[in-house]
Amino acid sequence: MSGRRHPGPRASGAPQPAAPSAAPARRTLLLAAGAAVMTGALAACATAEGRPPGEVGVLGDSAAWQKPMAAAGAAMEKVAALRMVPEVNPSLESFEQVVKSSLRTDRTPDMLKYWSGYRLRDLARTGGIEDLTRQWDRAVSKGWADASLREAFTYRRRVYGLPMNLAYWVFFYNPEVFRDHRLKAPETWDDFTAACTRLKEGGVTPLHGTADGRWPAFIWFQEILSRQDPTFYDDLMNGRERYTDPRAERALRTLASFFDKDWFTPMDMNHPDAAAAMLHGDVGMVPCGTWLGSTLAGAGGRPGKNLGAFVLPMADPKARPCVVFESSALVATVKGPDRTEALRATRDWLHPAVMQAFSHALQDGCPNPRVAAANPVIGSLAEKVRGDQLWLLNRFWEQGPPELVEATVDDLAGFLLNPSSARETLRTMQGRADEAWRVWREAERT
């Protein structure tokens, strides 16, 4: 639930980010400090000797995934006589940089929990991770994976990662609060805005918006743009359209209008606090990946009682219905000390028994359609996505050259703090995009 600051970015309790102009310097300092600390940690968990026979290490960036990985490892032992052992690098800022550095050495982790999309492609370019196309094709042939997810794990038509979770980006809400205000989950964009108006009139802050932890600054731009014009969102994220296009400006002006109506929480409210506030009736709706479900459960959320979720309706009813998804990638390294065991693990990672153990412990969606949902909320969402054949759009964080995404998140954070700066923000974003895509495409030709 896919910098990373989650299975993508992960929700955190970090303070609100500094203005974008200060962020690059701050990030450089954090990366330098984190790299110094974590180089030793990587060496410790990825020694030349590797793990004992029958075990393979999986290095991830999230302590919240440690128990789910251990559950998957126990299931893998029954399926393939091989135990997957979680290893955690909690230094989120340095994780990606240190991983890339380690791939050039003989002290690389056996396996990684990584991102999908362009971040995975960037890693595949190093030549340090395994081609898993055969494993992917085998899983699809057995019905263990949704073939439509393939592109998110592909570089030059080859698959370099296997999906771990399948989080949908949805709006969580409290059905009891909605009933108190004579509301139901919105089915149209007008229903959604009407619900915001009624909640506001009833003393409930309609929407959670935040720049806390930095990465969440993209959420509202992603959600509004994908509902107004999903094709444009897909083209923009892949460098085929421009941020200065009127359609991008329309999305930011829509977002600014929400600020004008005072629909948002303070921009420094983090996701755990927003989850608790929603369950207590103080916040109406919280947009997030379904990975937030475990946080909501820990705060007292009961699926079908005081916890529900819906896919944000399309603002343009003529547009192709869509939902944003997020999926972390299981990656095997070329120079890992337990390379043979790692490749064995990739063969059975998507096995139903392994996937059920993992997704149920994680309390998130599963890329294997044959695995029962972890809870009723996830189950109803998966049923809608598959039944309505919603277009799966990869999350903002995984779309585009990583350096561009990092900088654009800072630009969007600045906009959230000054919602009158739409055109200036978009011009800045496009200037960054022109250079980033030029560099990316030159590298693609080599």
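Descriptive notes on the structure:
- The requirement of being in contact with a Leu (Cβ under 6 Å, 6 or more places away or on another chain) and in a loop (DSSP other than H, G, I, E, B) is satisfied by Y243.
- Residue tally, condition more than 19 Å from R432 (Cβ to Cβ) and small (G, A, S), over the range 205-251: 3
- For the range 128-147, the count of residues that are part of a helix (DSSP H, G or I), modelled with pLDDT of 95 or more, among the acidic types (D, E) and open to solvent by 10 Å² or more (accessible area, probe 1.4 Å) is at least one.
- Residue in the range 320-338 that is open to solvent by 30 Å² or more (accessible area, probe 1.4 Å), modelled with pLDDT of 95 or more and β-branched (V, I, T) present: yes
- Single match in A297, A319, A248, A315 (criterion: assigned to a helix (DSSP H, G or I), among the small types (G, A, S) and over 21 Å from the mean Cα position of the chain (by Cα)): A248
Table: residues versus (1) assigned to a loop (DSSP other than H, G, I, E, B); (2) aliphatic (A, V, I, L, M); (3) farther than 24 Å from P321 by Cα.
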| position | (1), (2), (3) |
| --- | --- |
| A374 | yes, yes, yes |
| V385 | no, yes, no |
| L392 | no, yes, no |
| T428 | no, no, yes |
| V439 | no, yes, yes |
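- Hits in the range 278-294 - residues which are part of a helix (DSSP H, G or I) and out of contact with any Pro (no Cβ under 7 Å at 6 or more places or on another chain): M278, L279, T290, L292, G293, S294
- Test: residue in the range 396-413 that is closer than 30 Å to A353 by Cβ and open to solvent by 10 Å² or more (accessible area, probe 1.4 Å): no
- Residue match in the range 221-239 (condition: over 23 Å from Q363 (Cα atoms) and open to solvent by 40 Å² or more (accessible area, probe 1.4 Å)): yes
- Of all residues in the range 194-220, those satisfying the criterion of being hydrophobic (A, V, I, L, M, F, W, C), in a helix (DSSP H, G or I) and over 28 Å from E444 (Cα atoms) are A194, A195, C196, L199, A217, I219, W220.
- Test for R344: is it open to solvent by 20 Å² or more (accessible area, probe 1.4 Å), under 25 Å from T108 (Cβ atoms) and at pLDDT 95 or above: yes
- Any hit, the range 185-193, residues being out of contact with any Pro (no Cβ under 8 Å at 6 or more places or on another chain), open to solvent by less than 10 Å² (accessible area, probe 1.4 Å) and within 18 Å of Y168 (Cβ to Cβ): no
- Taken over the range 352-369, the criterion of being surrounded by fewer than 22 Cβ atoms within 10 Å (Cβ to Cβ) and either in a helix (DSSP H, G or I) or of a type in the set (D, E, K, R) (or both) is satisfied by P352, A353, Q356, H360, A361.
- Residue in the range 420-432 that is of a type in the set (G, A, S) and within 22 Å of the chain's Cα centre (by Cα) present: no
- Of all the listed residues (E77, E49), the sole one being among the acidic types (D, E), surrounded by fewer than 21 Cβ atoms within 10 Å (Cβ to Cβ), at pLDDT 90 or above and within 23 Å of V334 (Cα to Cα) is E77.
- Complete set of residues in the range 117-127 that are polar (S, T, N, Q) and buried (at least 20 other Cβ atoms within 10 Å of the Cβ): none
- Qualifying residue in the range 95-110 (condition: within 21 Å of R395 (Cβ to Cβ), hydroxyl-bearing (S, T, Y), open to solvent by less than 10 Å² (accessible area, probe 1.4 Å) and touching a helix residue (DSSP H, G or I) at 6+ places or on another chain (Cβ under 9 Å)): no
- Residues of the range 150-184 classified as more than 24 Å from the chain's Cα centre (by Cα) and either within 28 Å of D316 (Cβ to Cβ) or open to solvent by less than 10 Å² (accessible area, probe 1.4 Å) (or both), total: 6
The values are calculated or read from the model by the stated rules, or taken from the named source; none is laboratory data. Being a predicted model, the structure only gives us computed values, none of them experimental. No Cβ is skipped: glycine too gets one built from the backbone with ideal geometry, and neighbour counts run over all protein chains shown. Remember, those area values only see protein heavy atoms, side chains included, never the ligands or the DNA or RNA. Shrake-Rupley method; radii C 1.70, N 1.55, O 1.52, S 1.80 Å.
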